[in-house]
Amino acid sequence: MSVITDLYPDFAKQMNSLQLLPGQQIVAALGGGADSQTILDLILRYRQQHPEFSYLAIHLDHYFHPDSPKWADFLRTWCLQKDIDAIVEPLAVPSGTRLSKEEQGRNARYQRIAELTEDNAVILLGQHRNDQAETFLLQLKRGAGPKGLAAMASEAPFTGNRRLFRPLLSVTKAQIYEYAQAHGVEWIEDDTNTDTTIERNFLRCEIIPRLTERWPQFLDTVARSAKLCAEQTAMLDELLHEHLAARLEDDGRLHLKGWWQISDIRQRAILRAWLQFHHAPMPSFAVLSELTTQIQRSEGGKQVRVSWGDVEVHRRQKWLVLSHQR
């Protein structure tokens, strides 16, 4: 078997680098596609060598596709055959806000996964190198800065002491198909993935194939750019920590003392750091600029009130306050 086809050696190396404790929970977040099914297969192989950990698979069905109940049944049966504990359940996704259906679904999935897993769980996601390129280009199209262009990290903190882990970010979709076929992995092909009215699918089906045809190393160079953006973002976060700490109250309010004497660039950077501290979704540049403008004009006591998604920021005396709308 070729090194390219067998993804397990690198997967096991990455898992070992996490330095997990005996009994710690390893969770496969299943969607039914070849990527997450490959993650599950790799986990099952890892379990043979490492029975000291706790293993769980989770699939949450939010009924975005008419065949999703069949997919849930398939995954429930597959996990039963593979003798891995699984939670397969429906998931209600709220509607009516200004967030997209896909974003609402993702937020609801993450919230429920946090509820269903142990505090120190490592949740494995199936995103791969093609997904990384799609995310990078989507962020570029939206005018994102270095944080957005950093795309997806291989490891990221999650609720509590949990971690999100993406062990396939160096692997292409073609390699995943190759592995799945070679190892008898069964998966579901979602026919909506070819609907190019959806932005990500447009990039996946029409743009990225042309780019990789012209520049075969395109996926690798995008991944390198994303990594560089992530490093720049991490460095900026370190530099901003001191500035944020000097203004941050114990209850999360942001003190505005001396705000009007610092540059616009630093104001926006501190606001981003403050929003990140609250785990709030980042606003667009236009919304952030509006917030900055309102704060600048409020030096004489004018009101500040800006909202996006379910977040609202307003001024209360000498402080900025963040709240979530219901």
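The values are calculated or read from the model by the stated rules, or taken from the named source; none is laboratory data. Owing to the predicted nature of the structure, the values given are computational and were not obtained by experimental measurement. Neighbour counts run over all protein chains shown; Cβ positions are idealised from the backbone, glycine included.
Structure summary
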item	result
Residue match in region 258-266 (condition: among the small types (Gly, Ala, Ser), touching a Leu at 6+ places or on another chain (Cβ under 6 Å) and either surrounded by 15 or more Cβ atoms within 10 Å (Cβ to Cβ) or part of a loop (DSSP other than H, G, I, E, B) (or both))	no
Flag for residue 88 being under 30 Å from residue 194 (Cα atoms), assigned to a strand (DSSP E or B) and either without any contact (Cβ under 8 Å) to a residue 12 or more places away in the chain or in contact with a Ser or Thr (Cβ under 7 Å, 6 or more places away or on another chain) (or both)	no
Top-ranked residue of region 93-123 - restricted to ones that are aliphatic (A, V, I, L, M) and over 23 Å from residue 42 (Cα atoms), ranked as modelled with the lowest pLDDT	99
Sole residue being over 29 Å from residue 111 (Cβ atoms) and out of contact with any strand residue (DSSP E or B) (no Cβ under 7 Å at 6 or more places or on another chain), chosen from 271, 240, 244, 211	211
Candidate set: region 295-322, residues that are free of Cβ contacts under 8 Å to residues at least 12 places away in the same chain and under 20 Å from residue 251 (Cβ atoms); chosen: the one surrounded by the most Cβ atoms within 10 Å (Cβ to Cβ)	314
Flag for residue 302 being assigned to a loop (DSSP other than H, G, I, E, B) and either over 27 Å from residue 107 (Cα atoms) or modelled with pLDDT under 95 (or both)	yes
Number of positions in region 174-201 that are more than 18 Å from residue 78 (Cβ to Cβ) and not small (Gly, Ala, Ser)	13
Which numbered condition residue 58 fails, given (1) closer than 30 Å to residue 310 by Cα; (2) surrounded by fewer than 20 Cβ atoms within 10 Å (Cβ to Cβ)	(2)
Residue 60 being in a helix (DSSP H, G or I) and at pLDDT 90 or above	no
Residue match in region 33-42 (condition: of a type in the set (Gly, Ala, Ser) and farther than 26 Å from residue 171 by Cα)	no
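Residue-by-condition table, conditions (1) more than 26 Å from the chain's Cα centre (by Cα); (2) surrounded by 16 or more Cβ atoms within 10 Å (Cβ to Cβ); (3) at positive phi; (4) assigned to a helix (DSSP H, G or I):
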position: 226; (1), (2), (3), (4): no, yes, no, yes
position: 230; (1), (2), (3), (4): no, yes, no, yes
position: 237; (1), (2), (3), (4): no, no, no, yes
position: 251; (1), (2), (3), (4): yes, no, no, no
position: 273; (1), (2), (3), (4): no, yes, no, yes
